[in-house]
Amino acid sequence: MTPHEDVDLRLIKARFNEIKSGLVYPIVVEKNLKFIIDGHHRWYVFYELGLKVPAFFVDYSLVENSSWRLKALIEDLKTDRDGEVCIEYNGLRLLCEDDYYTFYWSLYEEIVKRGLDPLAVKLSAEGVPLPALPKQEVIRAAKLGIVYPPKTTRHILEFKLQPVKMLTSDGDA
């Protein structure tokens, strides 16, 4: 299984505790290319512990690719630079870069530079929409082993995953 997003180490302890509890959500993996669609942090913990990863395999063409919204920082991200990928806000093009990879790492660095929590700033249902990472870019990143910042993509599934009970080493659930 191949990740296309980095992990935020502050979230790893919470995922570790979930896995230790024995009830976890499977990660979602693209069925043909075997890249992680959802569950990068859970995958990381399983991988580091040397455990088998519970996974649900899906056809990526059936997954909706959306974007997170930025709920802070907008006005002071002005740029005099032109680029293909920008935040569109009140008729302005902000934080423009030539490609998605550079754009998302620049945004991540801007957030961290201001001492803010990247996840708290980005993970919002309201606010200014960020450019959605196109599916072909997610596939390219996975094929090339390129990782984007944590929580860059937002994949929406047509179904709700159910947690699975993990077996202990002695076979008990």
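Of note:
- Note on the stretch 155-166: residues that are more than 14 Å from V58 (Cβ to Cβ), part of a loop (DSSP other than H, G, I, E, B) and aliphatic (A, V, I, L, M) amount to 1.
- Residues of the stretch 101-154 that are of a type outside the set (D, E, K, R), in contact with a strand residue (DSSP E or B) (Cβ under 8 Å, 6 or more places away or on another chain), assigned to a loop (DSSP other than H, G, I, E, B) and closer than 18 Å to N65 by Cβ: S124, A125, L130, P131, A132, L133, P134, V147, P149, P150, T152, T153.
- Per the listing L161, L144, the residue uniquely closer than 19 Å to K34 by Cα and assigned by TED's automatic domain parsing to the domain that holds V29 is L161.
- Residue match in the stretch 146-155 (condition: at pLDDT 85 or above and out of contact with any helix residue (DSSP H, G or I) (no Cβ under 9 Å at 6 or more places or on another chain)): yes
- Close pairs (8 angstrom Cβ cut-off, 6 or more residues apart or separate chains): surrounded by 17 or more Cβ atoms within 10 Å (Cβ to Cβ) in the stretch 1-25, in a loop (DSSP other than H, G, I, E, B) and among the hydroxyl-bearing types (S, T, Y) anywhere: H4/T153; E5/T152; E5/T153
- Residue check, T168 of a type in the set (S, T, N, Q) and modelled with pLDDT under 85: yes
Every residue, every condition in (1) touching a helix residue (DSSP H, G or I) at 6+ places or on another chain (Cβ under 9 Å); (2) modelled with pLDDT under 85, yes or no:
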residue: E5; (1), (2): yes, no
residue: R15; (1), (2): yes, no
residue: V45; (1), (2): yes, no
residue: R69; (1), (2): yes, yes
residue: Y104; (1), (2): no, no
residue: I111; (1), (2): yes, yes
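The values are calculated or read from the model by the stated rules, or taken from the named source; none is laboratory data. These numbers were taken from a predicted model, which means no experiment stands behind them. Don't worry about glycine lacking a Cβ; one is built from the backbone with ideal geometry, like all the others, and counts go over all protein chains shown.
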